[in-house]
Amino acid sequence: MHFAFPPRKTSNPPPYAARSTRYPLSQYLRRSQIRKFAIIGLGIIAFVYFIASFSSESEERIPPGTPPAVIVTVFDPSADAVHTEQIKRNRISYAKKHGYETFFALSTTYDLGKHTNAWSKIPAMRHALTSFPHSTFFWYLDAHSLIMNTSLSLHARITSPSVLEPLMIRDVPVVPPDSVIKSFSHLRADDANLIIAQDAEGLRQDSFILRSGDWAKFFLDSWMDPLYRSYNFQKADAHALEHLVQWHGTVLAKLVLVPQRTFNSFTRDSSGKNEEGLYKEGDFVANFMGCDKGERNCEDEMKPFLDKADDVPA
Amino acid sequence: MSLSRSPSPTRGGGWSSPGLTAPYDESSGRSSPAVRTFPNNGNVTWASAQARSAEVQGYASFSTRKQGFFSKHFRKLSRGLPITSYAEKEKLERRWKRINAKNGSWRLIAIAGRIVWRLRLRLAGLLIFLLGIFIFYVTPLHMVVRRSFGGGNKFVIILAANLGGGVMEWKGPREWAIERDSVKNKMHYARKWGYELDIVDMSTKKRYAHEWRESWEKVDTIRSAMRKYPDAEWFWWLDLNTFIMEPSYSLQSHLFKDLQKNTYRDINYYNPLNISHPFTSEWLDSESRSAIGDGKSESINFILSQDCGGFNLGSFFVRRSVWTDRLLDIWWDPVGYEQKHMEWEHKEQDALEHMYTNFPWVRPHIAFTSQRKVNSFPPGACGGETKETENAKIHYQEKDRDFLVNMAGCEWGRDCWGEMYNFRQLSHRLNRGMWEQFRDRIAESFTGTKNS
């Protein structure tokens, strides 16, 4: 086949060379190729972003095997070693049963200046927070208390919001009987960072549950204020706590009051005003408050309870 | 399809030759033929060929004009204008050239005029742009923009006014003048950058009947400011005896854009109180034991400076945060007050030092900035003369154009009003415009004196 005419030139030639393309990139690549590269590029960016977010998340992620709660007890080094061992075993068996950890400290470990060893519970809690940075709840339980009913976990008994909500005591004087500062009436269980009970005379600082976090550090440091320690409160740390709670709203806003027998039943009503808080069969904790004072003997008092606590199948 | 026959004319006035399409496609540079609509069902008419060539040329020739009523009349109108088409424009230019050749003096003007005419669209754009900038700065528009888009509404300046006063301390004309000048200065600054200014009447803050909490009102004031301006993030406390020397510095550019560079966390960098830092007790967490907290600028909630003797709260920043809530709550405590109120001469300042020294939870969120960044002292404010090296860190330096002067302690044996007046004049002189500088220089040359 031949052409009769050579291809016609245009009779109206363009005055300048027409721009070859609209997009410079398409000189080298077809549109479909550009699209392909764009998809691949986006995919890489998304992947990197995903990896980055995943790795930054993993810093805050709770490592597996972290105990959800830690039981903290401070022991007096001058107490009988066998007795101390028994109490430790009481905590450990409960912790083992529910996957918790225990943190034991000696009251002489921490430098308290010239002040009474009762203050040592505060640095001990701070120490426990440092030792178990990922655990949620820290339960301080005094050395003169025994866990009697090991069947239920802390979560099932106290800390889960659905359990705590009906337990909370709202709108009562924080420090009985007649403080003008009352516990918050609109508090929700999620706000609870400090769970504590009160007896007829005041807040019971020998058993309390603290939720870890910045607030816990703030609370413990404020409680440990050197000016509180030097003020010579009659009951040292107990009165300092009551002072802190009544004067500082950011503390009160996270405080939840629960009935005393929830986790701090008394075995003996030494003041005669505290019948409601007396230990009954099946209570969670028995507190032998004051058993180291005067004529009383902690070992003798605890002996029948220890046997009972051990009876419960672990 | 065979191309071996000659193209034949068609009724529409074109050729029915499909070979005609080839050169156009080449010149358009497309790699694939685009879909085109031909009015004559594949045939090339005169009109379609013209349209196509117009497409190639990049401008429309007359044939693409719409034939509607308005366009017809506009065309008539435009025909009356000096330049209707490129051909005529060229003709006109030739005529101009002829004129220019005759009359040399008009030549430059003509050239300039031609350049201006050629660039008319761009010049109009430039003019509108400049006018826009002018309007932006003359009207309060720039304040609105700085306020809402520049982040100005994230800052609140809290100015403590009406100190003293009352029955016990009569305010003389000097005190009123200080107050007026100081407030005016901050008002101007806040308006310029779109910040909020909260002037607090300190005399009404004495609501405690027993007055034992007197002059501890800073905390209450900051708290009420936080409630009053719920959108603000940073609150800048300023004492009355301060003067912003350089209103052209915004807080953002001066300090907050680069907190990492402008502040330091480790107090050992400058430690007049000799506070042992960091904490070493092994029961504390790693953040509390770190010298710089977590080291991130996001964790800074409190920025203050240290003068010759320790913390200075004449000019400091607090950020709205949970941490700040707790700090403000714990700052004043009756037990501490009862024990220390005789000893703590500087009240809140000493209490803050106490908290910083004793509370591990406080330290990781406090950052320091150098004194002269936000709180320069006038010479002699440290009490007792200090070494030259100290002066360089604390005292106002004119050549560095320090941001703010705090005439701290001027009420004790120094002349507050005199200092305020001098610094106000200095600030005016340093920040006067070009015209004022020129005028002043003329005036100086006449009088032969240099006013300062």
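How shielded is A:213-225 by partner chains, expressed as the average number of their Cβ atoms within 10 Å of its Cβ atoms? Numbers along the way, then the final one.
Working: counts 0, 7, 4, 1, 9, 11, 2, 3, 9, 9, 0, 3, 8.
Rounded to a whole number, the mean comes out at 5.
Given the range B:146-436, what percent of its DSSP beta bridges are antiparallel, to the nearest 5? The antiparallel fraction comes to roughly 45 percent.
Mean residue ellipticity, 222 nm, helices only, chain A: the sum of -39500 (n - 2.57) across DSSP H runs of n ≥ 4, divided by residue count and rounded to 500, is -11000 deg cm²/dmol.
Here the calculated FRET efficiency for A:ALA200 and A:GLU85, from their Cβ-Cβ distance with R0 = 51 Å, stands at 0.95, rounded to the nearest 0.05.
Looking only at other chains, what is the average number of their beta-carbon atoms within 10 angstrom of each beta-carbon in A:120-126? Let's see the in-between values first.
Values: counts 0, 0, 1, 4, 1, 1, 7.
Rounded to a whole number, the mean comes out at 2.
3J(HN,Hα) along the range B:418-424, derived from phi through the Karplus expression 6.51 cos²θ - 1.76 cosθ + 1.60 where θ = phi - 60°, amounts to x, 5, 4, 5, 4, 5, 5 Hz, with x in place of Gly and Pro.
Sorted by packing (mean other beta-carbon atoms within 10 Å per residue), highest first, where do B:306-317, A:64-75, B:262-273 land? Don't jump to the answer; show the numbers that get you there.
On the way: B:306-317: 20.9, A:64-75: 18.8, B:262-273: 15.8.
Highest to lowest by the protection proxy: B:306-317, A:64-75, B:262-273.
Each Lys or Arg adds one and each Asp or Glu subtracts one; over the other residues with Cβ under 15 Å from the Cβ of A:VAL251, this totals -4. Toward the positive end of the charge dipole of the range B:146-436, with +1 on the Cβ of Lys and Arg and -1 on the Cβ of Asp and Glu, the farthest Cα among B:VAL318, B:TYR195, B:MET420 is that of B:TYR195.
Highest mobility in the GNM of chain A, judged by mean-square fluctuation with C-alpha springs under 10 Å and restricted to A:TRP119, A:TRP215, A:TRP247, is found for A:TRP247. Peptide B:282-289 shows a mean partner chain C-beta count of 5 within 10 Å per residue C-beta.
Counted by Cβ distance under 15 Å from A:ASP190, the other residues give a net charge of +2, where Lys and Arg count +1 and Asp and Glu count -1. Using the Karplus relation 6.51 cos²θ - 1.76 cosθ + 1.60 with θ = phi - 60°, the per-residue 3J(HN,Hα) values for the range A:209-215 come to 10, 10, 8, 5, x, 5, 5 Hz, with x marking Gly and Pro. For chain A, the longest principal axis of the C-alpha atoms and the axis of helix A:237-247 are separated by about 50°.
Could you size up the charge dipole of the range B:218-337 around its Cα centre, putting +1 on the beta carbon of Lys and Arg and -1 on that of Asp and Glu, and report it in debye to the nearest 20? Walk me through the numbers on the way to the answer.
Working: 12 positive and 16 negative charges, 49 e Å.
Roughly 240 debye, rounded to the nearest 20.
Within chain A, what percent of beta bridges assigned by DSSP are antiparallel, to the nearest 5?
Details: 14 of 31 bridges.
Antiparallel bridges: around 45 percent, rounded to the nearest 5.
Note: relative contact order over chain A, using C-alpha pairs below 8 Å and six or more positions apart, is 17 percent.
Here the peptides B:396-408, B:420-432 are ranked by packing, the mean other Cβ count within 10 Å, and the order with the highest first is B:396-408, B:420-432.
Packing-wise, with mean Cβ within 10 Å as the measure, how do B:290-298, B:122-130 rank, highest first? Present the calculation step by step, with values, prior to reporting the outcome.
Details: B:290-298: 14.1, B:122-130: 10.4.
Most protected by this proxy first, the peptides run B:290-298, B:122-130.
For A:LEU278, the residues 5 or more places off, or on other chains, whose built amide H falls under 5 Å of its own are A:PHE266.
Sequence-ordered 3J(HN,Hα) estimates for the range B:141-153 from the Karplus curve with 6.51, -1.76 and 1.60 and θ = phi - 60° stand at 4, 5, 5, 4, 5, 4, 5, 8, 9, x, x, x, 6 Hz, glycine and proline given as x.
Taking the Cβ of B:THR139 as the center, what net charge do the other residues with Cβ under 15 Å away carry, scoring Lys and Arg +1 and Asp and Glu -1?
Details: positive: B:ARG146, B:ARG147, B:ARG191, B:LYS192; negative: none.
Overall, the nearby charge balance is +4.
Per the Kirkwood formula on distinct C-alpha pairs, the Rh of chain A is how many angstrom? Hydrodynamic radius (Kirkwood, Cα only) of chain A equals 23.5 Å.
Since every read-out is calculated from the coordinates, none of them should be taken as a lab result. Quick caveat, the model's predicted, so the values are computed rather than measured. Please note: Cβ atoms are built from the backbone with ideal geometry, for glycine as well, and neighbour counts cover all protein chains shown.
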